[in-house]
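Scroll down for the structure; my scribbles are underneath it.
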Amino acid sequence: MKYLLIIINLLLLVGCSKNVETIPLVIYDYEDLYMQDFRTLIVDNISGDYQFASYDSKNSQVIQNEIIESVLNNTYPLLVVNPVDRLGVYPIIEKAKSVNTPIIFINREPLKEDLDLWEHVYYVGAKAEQSASIQAEIVTELFGGNPSNLNQYDLNQDNKIQAIILKGEPGHQDAEIRTEAVVEYIEDLGFTLDVLTIQEAYFSQTIAEEEMQNVIDDFGTQFEVIISNNDAMAIGAINTLKENDYFVDTNENGIINRETEPWIPVIGIDGLPPAINLIEQGYLYGTVINDSAAMAQAINELTYSIINNLPLTDLTYPLIDETYIWIDYKKYTPE
Ligand code: GAL
Ligand code: CA
């Protein structure tokens, strides 16, 4: 009897697992803080009878190609790919097309001409310009909102904003566009931005820690704001600024009081949980939410619809040009 039950259980298990599809989720680099969060949200937001199997490309396109080559030989119904080199997806799409496996690209945006190679290729992401425009809003409001009369945060009172920009990985749409567009948006709002330097820190907290030390050595007290392409680099910058007494928690209550204690504005993008904590503690001035929860939901709905052959016309986040799902950024400041 006991054995019979075990056998029945085993049969049930086999029966069930047959219906659960596995979808490979190929991430560009597990070390990336934002992608760590995003990956968990994707895997946890499952909207049907399937599961994700995650892979780490270790920031190498060669490794990623090997992973994709092997999963494409295994006839999965769909692939979700966070490309290492967004400009290098051509062979991935050609191969997927040849075995008829649709692909959803995420976070690192391939060129339109590549996405147009095959109809079953999609991209879920956000428009970098929007994050720059929200960041520009945060910066200009901080300096009082009136371009002809900046407030007390214009430390040298020259009515210009002396800024340091921390740039992400060169070539990444978010690094290139956020860096360029934040300057343009601030100037469009009538403010004069004096960019002292743009430091490339590859979206990385540890690289930003080092780069910030160089900035401090070169510019001392000349900068009035640090505009970072992402939160990880903003957190790195804050660590170094703290070590150099730009932030001092004089009464040691764990919180920077902006009225009475030294601080300097640092603004990020992403809305990582540690960044939100730093905002609450007064260290990070603000951030822009790069809405990975909404993206995870969009990816899951699209996945569910594709593997069940459902029409892609009534998704919560609409499919644009039969290819793109765009998720809005959101402002996050203490107020
Ligand atoms: C950006 C994000 C960065 C980094 C990058 C990786 O959208 O803001 O923090 O995660 O994606 O591709
Ligand atoms: Ca100034």
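The values are calculated or read from the model by the stated rules, or taken from the named source; none is laboratory data. Given the structure is predicted, the values throughout are model-derived calculations rather than measurements. Cβ atoms come from the backbone with ideal geometry, glycine included; neighbour counts cover every protein chain shown. SASA here: full protein model, heavy atoms, side chains in, ligands and nucleic acids out. Shrake-Rupley method; radii C 1.70, N 1.55, O 1.52, S 1.80 Å.
Restricting attention to segment 197-215, the residues that are within 17 Å of Q135 (Cβ to Cβ) and either open to solvent by less than 60 Å² (accessible area, probe 1.4 Å) or within 15 Å of the chain's Cα centre (by Cα) (or both) add up to 4.
Residues are listed down the side, and each one gets a yes or a no for (1) surrounded by fewer than 20 Cβ atoms within 10 Å (Cβ to Cβ); (2) outside the structural domain of Q152 (by TED's automatic domain parsing); (3) more than 16 Å from ligand 2 (Cβ to nearest atom); (4) at pLDDT 95 or above:
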| residue | (1), (2), (3), (4) |
| --- | --- |
| D217 | yes, no, yes, yes |
| I226 | no, no, no, yes |
| N229 | no, no, yes, yes |
| T240 | yes, no, yes, yes |
| N253 | yes, no, yes, yes |
| N257 | yes, no, yes, yes |
| G271 | no, no, yes, yes |
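For segment 308-324, the criterion of being in a strand (DSSP E or B) and at positive phi is met by no residue. If you go through segment 144-173 and keep only what is open to solvent by less than 40 Å² (accessible area, probe 1.4 Å) and either more than 13 Å from ligand 1 (Cβ to nearest atom) or aromatic (F, W, Y) (or both), you end up with L150, D154, I161, Q162, A163, I164, I165.
Consider L41 carefully, then state whether it is modelled with pLDDT of 95 or more and either more than 25 Å from G171 (Cβ to Cβ) or loosely packed, with under 11 Cβ neighbours inside 10 Å (or both). It is true that L41 is modelled with pLDDT of 95 or more and either more than 25 Å from G171 (Cβ to Cβ) or loosely packed, with under 11 Cβ neighbours inside 10 Å (or both).
Taking residues in segment 303-329 that are assigned by TED's automatic domain parsing to the domain that holds I42, and partners anywhere that are among the basic types (K, R) and open to solvent by 30 Å² or more (accessible area, probe 1.4 Å), the pairs with Cβ atoms closer than 7 Å and at least 6 places apart or on different chains are W326/K127. Evaluate segment 72-86: report whether one residue or more is within 16 Å of ligand 2 (Cβ to nearest atom) and within 30 Å of A237 (Cα to Cα). Looking through segment 72-86, none of the residues is within 16 Å of ligand 2 (Cβ to nearest atom) and within 30 Å of A237 (Cα to Cα). Of E176, E141, all but one fail to be within 16 Å of ligand 1 (Cβ to nearest atom) and open to solvent by 50 Å² or more (accessible area, probe 1.4 Å); the exception is E176. Condition check for Y122 on (1) aromatic (F, W, Y); (2) farther than 14 Å from V225 by Cβ; (3) in contact with an Asp or Glu (Cβ under 7 Å, 6 or more places away or on another chain); (4) away from ligand 1 (no atom under 16 Å from the Cβ): one failure, at (3). Criterion first (farther than 28 Å from V225 by Cβ and without any contact (Cβ under 8 Å) to a residue 60 or more places away in the chain) does L278 satisfy it? No, not satisfied.
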